[in-house]
Amino acid sequence: MTHTAPKVWVVLAAYNESTRISQTLQSLADYSTVVVDDGSSDDTFAAARRHATWVLQHPLNCGQGAALQTGIDFALSQGADVIITFDADGQHDPADLARMLQPVVGGQADVALGSRFLGSTQNMPWSRRILLKLAILFTRLTNGLTLTDTHNGFRALSRKAAQQIRIRQPRMAHASEILDQIARHELQYVEVPVTIRYHAETLAKGQSSWDAFRITGHLLAGRLWQ
């Protein structure tokens, strides 16, 4: 009996990533990719069109969470069996993709979550490490998930998980919201070691400590309105 290979789609949310997205997409050439250009003011859309399978576009900047949900919905409509979320800025290592896919394709988990603390980091500032460790504690206190990394955009979702998880937090609070929904829907999850590379440009676009408090506020407000 022959088995059909699962349809794997990689979803990338991109905002003003024209200088980095071409290289990221070239490294994903073996996969079907959908880029959601989230209202960029640079040439992200044109750069993505040269390499991605599909490029969608938000006319206005809606936030990473909203862009990921748009991409996940599109991948599901194309019959995806497994959906990978992958940062457009080059922080993730495509060499980790096979390891991320294995537990989901093999049926051991509904969701695989990348962990830089089980794997490795390059050029991580100490302030970012402290911020991420606090996020781990916050997650354990609020939804009971015992994880080593909670704000890693590298994930693999089974079709079942992608259909059940609905991202309503449009901006960066979506990372915690996804974990809440994994707990709520009792989805099986595993952590997978991955490598994260920090660069000056991506750190400049990243979250500050103030952002972390703002994100927490958005997440708690979202829970109150559920």
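The values are calculated or read from the model by the stated rules, or taken from the named source; none is laboratory data. Computed from a predicted model, the values in this text were never measured in an experiment. Cβ atoms come from the backbone with ideal geometry, glycine included; neighbour counts cover every protein chain shown.
Residue-by-condition table, conditions (1) out of contact with any Pro (no Cβ under 7 Å at 6 or more places or on another chain); (2) more than 22 Å from H51 (Cβ to Cβ); (3) surrounded by fewer than 18 Cβ atoms within 10 Å (Cβ to Cβ):
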{"position": "G79", "(1), (2), (3)": "yes, no, yes"}
{"position": "I83", "(1), (2), (3)": "yes, no, no"}
{"position": "A98", "(1), (2), (3)": "yes, no, yes"}
{"position": "V104", "(1), (2), (3)": "yes, yes, no"}
Going by the conditions given, is Q108 assigned to a loop (DSSP other than H, G, I, E, B), at pLDDT 95 or above and out of contact with any Pro (no Cβ under 8 Å at 6 or more places or on another chain)? yes
Can you go through T150, T195 and tell me which one is among the hydroxyl-bearing types (S, T, Y), touching a residue at least 40 places away in the same chain (Cβ under 8 Å) and closer than 29 Å to N61 by Cβ? T195
Being modelled with pLDDT of 95 or more and touching a Pro at 6+ places or on another chain (Cβ under 7 Å): is that true of V194 here? no
Select, from S120, S127, the only residue that is part of a strand (DSSP E or B), out of contact with any Cys (no Cβ under 8 Å at 6 or more places or on another chain) and either buried (at least 16 other Cβ atoms within 10 Å of the Cβ) or not acidic (D, E) (or both). S120
I'd like to check something: does the stretch 144-154 contain any residue that is surrounded by fewer than 18 Cβ atoms within 10 Å (Cβ to Cβ) and part of a helix (DSSP H, G or I)? no
Run down A80, A47 and say which single residue is modelled with pLDDT of 95 or more, among the small types (G, A, S) and within 24 Å of S158 (Cβ to Cβ). A80
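Considering only residues that are surrounded by fewer than 21 Cβ atoms within 10 Å (Cβ to Cβ) and either of a type in the set (F, W, Y) or more than 18 Å from the chain's Cα centre (by Cα) (or both), which ones fall in the stretch 9-21?
Residues satisfying the conditions are S18, T19.
Every residue, every condition in (1) aliphatic (A, V, I, L, M); (2) closer than 22 Å to R197 by Cα; (3) part of a strand (DSSP E or B), yes or no:
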| residue | (1), (2), (3) |
| --- | --- |
| T4 | no, no, no |
| A13 | yes, yes, yes |
| S18 | no, yes, no |
| D30 | no, yes, no |
| A48 | yes, yes, no |
| A75 | yes, no, no |
| A88 | yes, yes, no |
Counted residues, the stretch 50-73 - those being outside any loop (DSSP other than H, G, I, E, B), of a type in the set (D, E, K, R) and touching a Ser or Thr at 6+ places or on another chain (Cβ under 8 Å): 0
For the stretch 32-46: of the residues being in a strand (DSSP E or B) and of a type in the set (S, T, N, Q), which is surrounded by the fewest Cβ atoms within 10 Å (Cβ to Cβ)? S32
